[in-house]
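Step one of this worksheet: look at the structure below.
The values are calculated or read from the model by the stated rules, or taken from the named source; none is laboratory data. If you're wondering where the values come from, they're calculated on a predicted model, not measured in any experiment. Glycine also receives a Cβ, built like all others from the backbone with ideal geometry; neighbour counts cover every protein chain displayed. Calculation scope for accessible area: heavy atoms of the full protein, side chains included, ligands and nucleic acids excluded. Shrake-Rupley method; radii C 1.70, N 1.55, O 1.52, S 1.80 Å.
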Amino acid sequence: LDRDGVLALTSDQLKDAGVTWEQMGGLLNGPWTAKAWEALIPNMGYMALLRNLRNFEAAGISKTYVKKVNEILEDPERVRKSRQMPYRFYSAYKNVQSEKFMAALAEALDYSCENIPEFDGRTLVLVDKSGSMDRTLSRGSNFGTGYSPHYWEVGALFGVAMWKKAEDCDLAIFGDYSKVIKIPKGTSVLNGIKLLTPNNGVGHGTNIWGSVKDQFNGHDRVV
């Protein structure tokens, strides 16, 4: 088939032919179009959708297909079955350029954290915001979504997720000094990470023991 012939195929025909999105690029022999993506989206797996959101934006897929993608992304059961780690959703959120998929990704991020144990009693969580944590992960560690998170972002993600799952949790950031971060009840993981973004005057050192000593107050565990 030439390019026009490929684009004339329906989703069902592409599925019957076993054509994946990776193979489609070779068949098109040219730039991706919204029509090409829309023919493939119904047959794409969860991870494939997650890693191609930026491509969907660039091609300008229709509102109908944006809605289809979002329905899949924010479906709790599909999130669980996908077995994607939470930072995949976070890096996908940071990689998209518009608001089309942001709300669905925020929902999916929360669902992806549901397997974190629910800690009873009192928990102290400290997130490292020292200077070394401001580096990004290696270029190959963008989790297939195009964005490489900073070390502190990954720490903040799991810190906030643990805060949400703990019965009674104090969440703090630390460098040379430490500071408790107050997060309103019901805050999503994504919005919680945003509250940890500023350095907030804790300095750039890594004073772990001093920070634990300053913040510990009879907690049952320290993370």
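Candidate cross-link partners of K94 among the aspartates and glutamates, defined by an alpha-carbon separation under 13 Å and a same-chain spacing of 8 or more, comprise E153.
Considering only R88, R80, R51, the Gaussian network model of the chain with Cα springs below 10 Å gives its largest mean-square fluctuation to R80. Electrostatic tally near L126: other residues with Cβ closer than 12 Å to its Cβ, Lys and Arg +1, Asp and Glu -1, net +1. For the stretch 12-125, the average shadow cast by the Cα convex hull is 8.4 nm², which is a quarter of the hull's surface. With R₀ set to 25 Å, the beta-carbon distance separating D176 from R135 gives a calculated FRET efficiency near 0.85. For Y177, the accessible surface of its heavy atoms amounts to roughly 150 Å² (probe 1.4 Å, protein chains only, rounded to the nearest 10). Of all stretches in the chain that contain no GluC sites (Glu not before Pro) in a DSSP loop with at most 16 other Cβ atoms within 10 Å, the longest one is 1-98.
Can you pull a Stokes-Einstein diffusion coefficient for the chain at 25 °C (0.890 mPa s), Rh from Kirkwood over Cα pairs, as a whole number of µm²/s?
Working: Rh = 19.4 Å.
Translational diffusion coefficient: 127 µm²/s.
Show me the three semi-axes of the equivalent ellipsoid for the stretch 67-159, from the C-alpha gyration tensor (sqrt of 5 times each eigenvalue), largest first, rounded to whole Å.
Numbers: eigenvalues 107, 77, 22 Å².
Those come to 23, 20, 11 Å.
Rounded to the nearest 20 debye, the dipole size of the stretch 106-185 about its Cα centre is 280 debye, using +1 on the Cβ of Lys and Arg and -1 on the Cβ of Asp and Glu.
For the stretch 140-223, rounded, prolate or oblate, judged on the Cα gyration tensor with a ≥ b ≥ c (square roots of eigenvalues), a/c < 1.5 rounded, else prolate if a/b > b/c? Show your work: numbers first, answer last.
Details: a/c = 1.91, a/b = 1.31, b/c = 1.47.
Judged from the Cα gyration tensor, the stretch 140-223 comes out oblate (a/c at least 1.5, b/c at or above a/b).
Within the set K63/K194; K129/K165; K100/K165; K81/K129; K15/K100, which residue pairs have Cα atoms separated by over 24 Å?
Violating the 24 Å Cα-Cα cut-off are K63/K194; K100/K165; K81/K129; K15/K100.
For F158, the solvent-accessible surface computed with a 1.4 Å probe is close to 60 Å², ligands and nucleic acids excluded.
Between the C-alpha center of the stretch 100-137 and that of the stretch 23-89 there is a gap of 24 Å. Charged neighbours of S188, selected by a Cβ distance under 9 Å, balance to -1 (K, R count +1; D, E count -1). The residues H219, H204, sorted by heavy-atom accessible surface at 1.4 Å with ligands and nucleic acids left out, run H204, H219 from largest to smallest. Computed from the C-beta positions of I208 and E167 and an R0 of 22 Å, the FRET efficiency is 0.35 to the nearest 0.05. The magnitude of the dipole of the chain, with charges of +1 and -1 set on the Cβ of Lys/Arg and Asp/Glu and taken from the Cα centre, is near 300 debye.
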